[in-house]
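The values are calculated or read from the model by the stated rules, or taken from the named source; none is laboratory data. On a predicted model such as this, the values are computed, not experimentally measured, just so you know. Here Cβ is always computed from backbone atoms with ideal geometry, including for glycine, and neighbour counts include all displayed protein chains.
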Amino acid sequence: MFRWKRLTAVAAVVALGLTGCSAAGGDSSSDTASQTLNLGVIVPATTFSAADANWANESPYMQAVYDTVLKADPDGTVEPNLATKWSYNSDKTELTLTLRTDVKFTDGTKLDADAVAQNLLRFRDGVSPNKSLLASLKDATAVDDKTVKLTLTDSDPALLTSLTQNAGLIESPKAFSNKDLKTNPVGSGPYTLDTKKTVVGTSYVFEKNTKYWNPSAVHYGTIVMKVYQDPTAMLNAIKGGQVNAANTPNNNSIDEIKASGFTIVNGELNWEGLLLFDRGGTMNPALGNVKVRQAINYAFDRPALLKTIGQGYGTVTEQIFPPSSVGFDKSLDTHYTYDVKKAKELMAEAGYADGFTLNMPSSAFFGTAPFSLLQQQLKEIGITVKYTDPGNNFIPDVLAPKYPAILMVLQQDPTDWQLINFQIAPKASWNPFHYEDPKVNEFIDTIHHGSKADSDAAVKDLNAYLVDQAWFAPWFRPASNFTVDGNTAAVFQTGNAVPYLWNIKPKS
């Protein structure tokens, strides 16, 4: 569901509608660019500042108004975009990009190498939850108007892919000092945000950029992104024909959606379960004991959780590396069987025979069932889970960090290096305690600098080690479902919560 799961807690059902927008079927004109796409989204735009941008469920907002340096095909293959070609030096610590010369921002200024360099540095130094994508960027400089050089502190195997995502978003430098930077984007993308028609947090209206350099990527005259943070509200919008396409926040209503004439486009993008952040025991000493973390893994009846929470749509897993990874090992998915007796034995061996209290955040976005089941199953082994609802501060509080463990649905990245630097490495965004294990660091160094054979072997070893050390307690890989009506087609995007915007099109 998430390419980055930007989960904000939801306090109320949002009922949406826009006066003057086309019906969900769109314009029947043969000129598809005159049609309107009503796109159902599950989170509002956190910001339109490119330097601080989120991705995943917020990627449609960003892709509407900005271009990225490079572009990813649905299978993840990196293709030219603003940069037409690129090359590395011998040790891959310098990347040289050659840019298009026919691109203008919507404020009329021309794209050049200095604009790209400034944007990359701003993202590295910004507050995006994905800023670690450019952690290796030492400097970015303009060689000439159409050539930009990226100097790295060390090679970055995922850099090209990162430049297809929010790390590669390019905003007009003239907009950097604008007071409305967060709400009025100035990019070179296929659409412009109509701020007069937009209701922040509820609906966002984008109009076709008639001067866009790549008109073949523009499939609609207008795109209206309607926010439905409540699963029931989204289902009602789909059944009522208020949207042409939508991301589905869970799998509870797939049969109803299909019965409404919608088609499901899906894949397994994420893993759902617990992130046991406090592996050093600084906030909750019990989690610093590997036997306690292993006990937590034994406490979960994963097939039952998949059936109850995921409606059976997905695959039980105990590892965070996806099947596409060289490190994936199917046998690891049965490393921890559901065994309450074994879990209690491990708790006793760790000195917690009488249990302990575990504070965790909750979020209305997930619904109540996952939290209730988690609480119930951990209670069986003596762990009392107490929840706090941080409201709209769910993500900031989690990453602060204010909790030793959380329930989450988190991405399985398209590259192993991205996954490592997002969830595992000492500076990873989703390792907020910055926990380090010398053995993990050794694996990461080999993955980074070793030969391909050594790197691949190290990914396998790292994955097995993380499962054995119970850094996480995954439950399953849920099927992530995107749905389209009979007039709309979409292509699933590897590693992202929703299809990329240019791959959502009217059916011919």
All but one of (1) under 27 Å from the mean Cα position of the chain (by Cα); (2) free of Cβ contacts under 8 Å to residues at least 60 places away in the same chain hold for K341; which doesn't?
(1)
Take Y313 and tell me if it is at pLDDT 95 or above and either among the charged types (D, E, K, R) or crowded, with 18+ Cβ neighbours inside 10 Å (or both).
no
When T446 is run through (1) assigned to a helix (DSSP H, G or I); (2) under 25 Å from the mean Cα position of the chain (by Cα); (3) among the β-branched types (V, I, T), the failure sits at (2)
If G391 meets every condition in (1) under 17 Å from the mean Cα position of the chain (by Cα); (2) modelled with pLDDT under 90; (3) of a type in the set (G, A, S) apart from one, which number is that one?
(1)
Checking K131, K138 in turn, the sole residue that is modelled with pLDDT under 95 and among the charged types (D, E, K, R) turns out to be K131
Would you say T202 is under 22 Å from S429 (Cβ atoms), of a type in the set (S, T, Y) and modelled with pLDDT of 95 or more?
no
Can you tell me which residue among T46, T77, T109 is free of Cβ contacts under 8 Å to residues at least 60 places away in the same chain, in contact with a Lys or Arg (Cβ under 9 Å, 6 or more places away or on another chain) and farther than 21 Å from L137 by Cβ?
T46
When you go through E207, E268, E171 one by one, which is the residue that is under 30 Å from G310 (Cβ atoms) and acidic (D, E)?
E268
State yes or no: is A343 small (G, A, S) and not in a loop (DSSP other than H, G, I, E, B)?
yes
Take the residues in the stretch 153-199 that are in contact with an Asp or Glu (Cβ under 9 Å, 6 or more places away or on another chain), of a type in the set (V, I, T) and under 29 Å from G495 (Cβ atoms); name whichever of them is modelled with the lowest pLDDT.
T161
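Could you grab me the full set of residues in the stretch 183-205 that are under 20 Å from L111 (Cβ atoms) and outside any loop (DSSP other than H, G, I, E, B)? Walk me through it before giving the result.
Applying the first criterion (under 20 Å from L111 (Cβ atoms)) to the stretch 183-205 yields 184-193.
Answer for the stretch 183-205, where residues must be under 20 Å from L111 (Cβ atoms) and outside any loop (DSSP other than H, G, I, E, B): Y191, T192, L193.
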Checking P303 against (1) within 15 Å of L374 (Cα to Cα); (2) touching a residue at least 40 places away in the same chain (Cβ under 8 Å), only one condition comes out false. Which one?
(2)
Scanning the stretch 229-259 residue by residue, those of a type in the set (A, V, I, L, M, F, W, C) and surrounded by 18 or more Cβ atoms within 10 Å (Cβ to Cβ) turn out to be A233, M234, L235, A237, I238, V243, A245, A246, I254, I257
Looking at A304 and the list (1) within 20 Å of the chain's Cα centre (by Cα); (2) at pLDDT 95 or above, which single condition is not satisfied?
(1)
In the stretch 485-505, which residues are surrounded by fewer than 23 Cβ atoms within 10 Å (Cβ to Cβ) and of a type outside the set (S, T, N, Q)?
D485, G486, A489, A490, V491, F492, P499, Y500, W502, K505
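Take Y352 and tell me if it is surrounded by fewer than 21 Cβ atoms within 10 Å (Cβ to Cβ), aromatic (F, W, Y) and more than 23 Å from the chain's Cα centre (by Cα).
yes
Across the stretch 374-383, what is the total count of residues that are closer than 26 Å to A400 by Cα and either among the basic types (K, R) or touching a helix residue (DSSP H, G or I) at 6+ places or on another chain (Cβ under 9 Å) (or both)?
Matching residues across the stretch 374-383 total 3.
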How many of the residues making up the stretch 449-482 are modelled with pLDDT of 95 or more and over 30 Å from D255 (Cβ atoms)?
20
Out of all the residues in the stretch 354-373, which are outside any loop (DSSP other than H, G, I, E, B), out of contact with any helix residue (DSSP H, G or I) (no Cβ under 8 Å at 6 or more places or on another chain) and either of a type outside the set (A, V, I, L, M, F, W, C) or at positive phi (or both)?
T357, N359, S372
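Scan the stretch 208-216 and tell me whether some residue there is of a type in the set (V, I, T), within 14 Å of F48 (Cα to Cα) and out of contact with any strand residue (DSSP E or B) (no Cβ under 6 Å at 6 or more places or on another chain).
no
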Tabulated pairs, the stretch 154-169, first outside the structural domain of G495 (by TED's automatic domain parsing), second of a type in the set (F, W, Y), C-beta under 6 angstrom, 6+ apart or interchain
P157/W417; A158/W417; Q165/W55; N166/W55; A167/F123; L169/Y66
Which of the residues spanning the stretch 409-421 are outside any loop (DSSP other than H, G, I, E, B) and surrounded by fewer than 23 Cβ atoms within 10 Å (Cβ to Cβ)?
W417
Under the condition of being touching a helix residue (DSSP H, G or I) at 6+ places or on another chain (Cβ under 8 Å) and of a type in the set (A, V, I, L, M, F, W, C), which residue from the stretch 428-446 is surrounded by the fewest Cβ atoms within 10 Å (Cβ to Cβ)?
A428
